[in-house]
1. How many nm separate the modelled label positions at L44 and V147, each set 7 Å beyond the Cα in the direction of the Cβ?
2. When the C-alpha atoms of segment 101-182 are aligned to their principal axes, what extent does each axis show, in angstrom, from largest down?
3. Just want to confirm a number: the relative contact order over the chain, from Cα pairs under 8 angstrom separated by 6+ residues, in percent.
4. Suppose R0 equals 25 Å; then what is the FRET efficiency for W101 and F125 from their Cβ-Cβ distance, rounded to the nearest 0.05?
5. For A12 and L168, what is the calculated FRET efficiency with R₀ set at 30 Å and r taken between the beta-carbons, to the nearest 0.05?
6. Please give the length that would be gained between F77 and D30 if that part of the chain were fully extended, namely 0.36 nm times their separation in residues minus their C-alpha to C-alpha distance (nm, one decimal).
7. Sorted by accessible area (1.4 Å probe), largest first, how do L37, L167 line up?
8. Note down the accessible area of V62, probe 1.4 Å, to the nearest 10 Å².
Amino acid sequence: ALAGFQPSVLRATIMCAVFCGGFLLRRKPDLPSSMALSLILILLVQPGDLYNAGLQLSFAAVVGIWLFALPIEKAAFGRPDRLDQLQAPEERPWHHVAARWATQKLLAVSLAACLATTPLLALHFGAITPLAPVASVLLLPAVWLSVVAGLPGALLLPFIGPAAKPLLWAGAAGAVAMEWPS
């Protein structure tokens, strides 16, 4: 509702609701089945979306992450180095482990989504974006700030009024930062 019910937002909402619905129904969520049901529901509402670049890119990105992220991570980063294997887990600084884990996951997911969507970008727009994985990593702090501050600010605004404005300003700063590279 906050995003104005744009087609891409509705697609993401349906995809998320179907996948998370498995948890509510106490079933093990299955990504291929969830994606198929999501696509069926979306096309029942708007059959013409089958040819929509946004729909194709959304589904391709999710499928690419599902298929390629883990193999890319294993190929790029391999197994832990010898020092990690010799050192007891409690001796390792937690922030080093967390930072390495997050960086590996972020880079692998970003590259997997980019690989899966590049053919569609070339088909629909006649261009590819080889720096997209790097850009997505660099823009993560701005996206995080926009979501983590902006969403609570928008939800709290009707209840606490002006007290929510700092959250909205912080969310807006994140959104402005995302537009800066373009």
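The values are calculated or read from the model by the stated rules, or taken from the named source; none is laboratory data. Bear in mind that the values here come from a model prediction, so they are computed numbers and not experimental data. Neighbour counts are summed over all protein chains in view; Cβ atoms, including those assigned to glycine, are modelled from backbone coordinates with ideal geometry. These area figures cover heavy atoms from the full protein model, side chains too; ligands, DNA and RNA do not enter into them. Shrake-Rupley method; radii C 1.70, N 1.55, O 1.52, S 1.80 Å.
1. Result for the modelled spin labels: 2.8 nm.
2. Its Cα atoms span 47, 32, 19 Å along the three principal axes.
3. Relative contact order of the chain: 16 percent.
4. On the way: r = 34 Å, r/R0 = 1.35.
It comes out at approximately 0.15.
5. With R0 = 30 Å, the Cβ-Cβ based efficiency is 0.85.
6. On the way: separation 47, 0.36 × 47 = 16.92 nm, distance 2.71 nm.
Length gained between F77 and D30: 14.2 nm.
7. Numbers: L37 85, L167 60 Å².
Of L37, L167, the descending order of accessible area is L37, L167.
8. About 50 Å², ignoring ligands and nucleic acids.
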